[in-house]
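The values are calculated or read from the model by the stated rules, or taken from the named source; none is laboratory data. None of these values were measured; they are calculated from a predicted model. Note that each Cβ is placed from the backbone with ideal geometry, even for glycine, and that neighbours are counted across all protein chains shown. We work out accessible area using only protein heavy atoms, side chains counted, and drop any ligands, DNA or RNA first. Shrake-Rupley method; radii C 1.70, N 1.55, O 1.52, S 1.80 Å.
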Amino acid sequence: MPRKRSDVEGKLTNLGKKVLKDVEAKQNPSIEIPIRSLSNVVYDEVSKSLKLGDKSAKRYLFNVAHAKKFTQTMMVAAFCKELLKEGIHTSLRDMFYNLKRTFPGSSENTFDEQRESDPIVVDLEVALDTLREKLHLNADVRGRVVGNAVIQDRGDTVNWAKLGSGGWAIPSNVEDIKFKKVNAKFVLVIEKNAAFERLHEDKFWQKHKCILVTTQGQPARGCRRLVQRLAEEHKLPVYVFCDSDPYGWYIYSVIKFGSMSLAHVSDMLGTPTAKYIGLTVSDIDKFGLENFTIKARDVDIKRAKEMMKYEWFKHPAWQKELKMLINRKIKAELEALSGRGLKFMTQKYLPEKIKNKEFLP
């Protein structure tokens, strides 16, 4: 996958040259795009991540079913090349409006809604083997971080330890961020804002010399990429702290292995070294949380049964937890730890699990 702007520009240029070559050879211009359906997603045992298989499909200009998408793909590619040339970034929404128009001599629009343009961006990612962010396209900001680290972001020096109670808002594009100083033993990735704020207020990150990151639910791409960079570039262990339910556990798997929908960029977004330190069904008994559980719904049970079949959840420890949830029909949120006292999470639960290395793989 290209890492420099010039490499990405080169890939866009080569895409255009390939189409031009088809035209000059009087062939039907085409673009080859790897198939992104679940049938082409595989679990790679070596890299411990989800990846796309080798199935692909061609998109032709002179094909009634393909013509519009072919044109849209080339328009988005040209737009991204211009962004790179000018050195500017923009949002997916801005791109949609910039490219939205009516084809001359017809009543057909280039794009009618953004839900047409967004998948084209992903197609281009896959076809070029790059990240959307490297095409200078950004999405919404989600996620916060605090810790003893100093970064440089577009010329500004930012100290994550001196941003008050809110922490630093993680942008959707963290490719150009430079780490000036990172003084931490590990990264703690937290699913919930409430748990992040509890840990931040209690100065957990100072006492335990770590970096706290909240994903605010399912992690955004910028958040996942930032965590991966901290793990790879600074060799920091990553511990993930989520609810004891199938959705919290899946958030962990997305951070570690990547997601099915973004399997084509798992090598840039996944952190294979991550370990799970969040709540489990076993913790409910161990830490006396029986009075603070929630009844698992039918949809939770169904989801847990599905996850038991995933290759990346076949480890005996995960099979045990999933079976316990299914059989006992209970789950627990991170906030359940507050039932044992507001500082139980920071003074007992996490320190004990970290000290004893009680992680799930």
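Summary table
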read-out	value
Test: Ser282 is surrounded by 14 or more Cβ atoms within 10 Å (Cβ to Cβ), part of a helix (DSSP H, G or I) and touching a Phe, Trp or Tyr at 6+ places or on another chain (Cβ under 7 Å)	no
Any hit, segment 263-272, residues being modelled with pLDDT of 95 or more and among the hydroxyl-bearing types (Ser, Thr, Tyr)	yes
Positions within segment 195-241 being at pLDDT below 95 and among the hydrophobic types (A, V, I, L, M, F, W, C), in sequence order	Ala220
Top-ranked residue of segment 85-140 - restricted to ones that are of a type in the set (S, T, N, Q) and closer than 18 Å to Arg59 by Cβ, ranked as farthest from the chain's Cα centre (by Cα)	Thr110
Single condition Gly248 does not satisfy, out of (1) in a helix (DSSP H, G or I); (2) within 21 Å of Arg132 (Cα to Cα); (3) among the small types (Gly, Ala, Ser)	(2)
Residue ranges of strands (runs of 3 or more DSSP E) in segment 107-211 with at least 3 members touching a residue at least 24 places away in the same chain (Cβ under 8 Å), touching a Phe, Trp or Tyr at 6+ places or on another chain (Cβ under 7 Å) and buried (at least 21 other Cβ atoms within 10 Å of the Cβ)	144-146, 186-190
Residue match in segment 123-145 (condition: of a type in the set (Val, Ile, Thr) and more than 24 Å from Gly16 (Cα to Cα))	yes
Residue count, segment 311-321 (criterion: out of contact with any strand residue (DSSP E or B) (no Cβ under 7 Å at 6 or more places or on another chain) and either without any contact (Cβ under 8 Å) to a residue 40 or more places away in the chain or acidic (Asp, Glu) (or both))	5
Test: Gly147 is small (Gly, Ala, Ser) and modelled with pLDDT of 90 or more	yes
Any chance Val281 is touching a residue at least 24 places away in the same chain (Cβ under 8 Å) and within 27 Å of Pro34 (Cα to Cα)	no
Spans of helices (runs of 4 or more DSSP H) in segment 1-99 with at least 3 residues open to solvent by 70 Å² or more (accessible area, probe 1.4 Å) and basic (Lys, Arg)	5-24, 67-86
Residue count for segment 212-226, restricted to those that are touching a helix residue (DSSP H, G or I) at 6+ places or on another chain (Cβ under 9 Å) and either in a helix (DSSP H, G or I) or under 13 Å from Leu188 (Cβ atoms) (or both)	9
Complete set of residues in segment 215-244 that are open to solvent by 20 Å² or more (accessible area, probe 1.4 Å) and among the charged types (D, E, K, R)	Arg221, Arg229, Glu232, Glu233, Lys235
In segment 133-143, the residues that are within 9 Å of Pro171 (Cα to Cα) and at pLDDT 90 or above	Gly143
Enumeration of residues in segment 322-361 that are part of a helix (DSSP H, G or I) and hydrophobic (A, V, I, L, M, F, W, C)	Leu322, Met324, Leu325, Ile326, Leu334, Ala336, Leu337, Phe344, Met345, Leu350, Ile354
Output for segment 255-268, where each listed residue is aliphatic (A, V, I, L, M) and surrounded by fewer than 24 Cβ atoms within 10 Å (Cβ to Cβ)	Met260, Leu262, Met268
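So that you can scan it fast, the table gives a plain yes or no per residue for (1) over 11 Å from the mean Cα position of the chain (by Cα); (2) within 30 Å of Val174 (Cα to Cα):
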site	(1), (2)
Ile251	no, yes
Gly258	no, yes
Ser266	no, yes
Ala274	yes, yes
Lys295	yes, no
Asp300	yes, no
Lys305	yes, no
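Listed here are the residues, each with its yes/no results for (1) open to solvent by less than 50 Å² (accessible area, probe 1.4 Å); (2) under 23 Å from Gly217 (Cα atoms).
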position: Lys305; (1), (2): no, yes
position: Lys309; (1), (2): no, no
position: Ile330; (1), (2): yes, yes
position: Gly339; (1), (2): yes, yes
position: Tyr349; (1), (2): yes, yes
position: Glu352; (1), (2): yes, no
